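The values are calculated or read from the model by the stated rules, or taken from the named source; none is laboratory data. Model, not experiment: these values are computed from the prediction. FYI the Cβ positions are ideal-geometry reconstructions off the backbone, even for glycines, and counts take in every protein chain you see. Heads up: the accessible areas ignore ligands, DNA and RNA and are worked out on the full protein's heavy atoms, side chains in. Shrake-Rupley method; radii C 1.70, N 1.55, O 1.52, S 1.80 Å.
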Amino acid sequence: YALPRASPWRAESAGLMATHGQAASAAAVAALQELHISLSTHRSQPASRDLIDAAFCIVVMTRTHASQLETRFPHASDRVHLLRSFDPGADTDDVDDPIGMNLEVYREARDTIRSAIPGLLQYLNALETD
């Protein structure tokens with residue numbers, strides 16, 4: 001939703017422990033629906049070598065994710081970035097996973113992610129002009 005239509009960038013979502021084809025949780029759907037963002041077509045997929053190799057920038061939610069990715073895909077370690085590193089107001093490095101929690105926790109995760117998006121887009125735009 002944050003990428004302009006003319007953007008050369010494309011976003012994919014994948015998880016280190018994800019399986020193929022799972023729909024987003026009801027709380028995730030509700031939290032994003034409040035912003036008029038639909039997750040109706042979203043399905044989970046595991047982080048695979050093909051996805052990692054195709055990625056220009058790999059954005060992770062936690063230091064643990066970064067470490068696990070760098071262990072599984074050491075050739076991609078220079079492309080792994082913590083999402084919160086793009087948020088100048090961040091007080092911690094990690095975005096806590098809200099899985100299994102209530103809607104309020106999903107809202108907090110949503111808002112934490114949203115606060116980093118402008119910085120991430122600025123980073124990508126700077127790469128595009130280089």
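Between TYR123 and ASN102, what is the label-to-label distance in nm when each label sits 7 Å out along the Cα-to-Cβ direction?
So the two model labels end up 3.3 nm from each other.
Measuring from label point to label point, each 7 Å out along Cα→Cβ, what is the SER48 to ALA18 span in nm?
1.2 nm
What are the ³J(HN,Hα) values, in whole Hz, obtained from phi via the Karplus relation 6.51 cos²θ - 1.76 cosθ + 1.60 with θ = phi - 60°, for each residue of segment 78-88 in sequence order, with x given for Gly and Pro?
After applying 6.51 cos²θ - 1.76 cosθ + 1.60, I find 6, 9, 8, 9, 6, 4, 5, 5, 8, 10, x Hz.
Given H placed 1.01 Å from N in the peptide plane, which residues other than close sequence neighbours of VAL60 have an amide H under 5 Å from its amide H?
For VAL60, the qualifying residues are HIS81, LEU82, LEU83.
Taking amide H atoms as placed 1.01 Å from N in the peptide plane, list the residues 5 or more away in sequence, or in a different chain, whose amide H sits under 5 Å from that of GLY15.
Excluding prolines and chain starts, which carry no amide H, the hits are GLN45, ALA47.
Quick one: the Cα spread of segment 20-72 along its three principal axes, in angstroms, biggest first?
The principal-axis extents, from largest down, are 35, 22, 19 Å.
Could you work out the local net charge near ARG114, counting Lys and Arg as +1, Asp and Glu as -1, over the other residues with Cβ closer than 14 Å to its Cβ?
Surrounding charge for ARG114 is -1.
What FRET efficiency do you get for HIS81 and ALA26 if R0 is 25 Å and r is their Cβ-Cβ distance, rounded to the nearest 0.05?
Computed FRET efficiency for HIS81 and ALA26: 0.25.
Roll a 1.4 Å probe over the protein chains and send me the accessible area per residue for segment 29-71 in Å².
62 Å²
At R0 = 25 Å, how high is the FRET efficiency between SER67 and ARG10 if r is their beta carbon distance? Nearest 0.05 is fine.
0.45
Mind ranking 95-103, 82-90, 11-19 by how tightly packed they are, going by the mean number of other C-beta atoms within 10 angstrom, highest first?
The peptides rank, most packed first, as 82-90, 95-103, 11-19.
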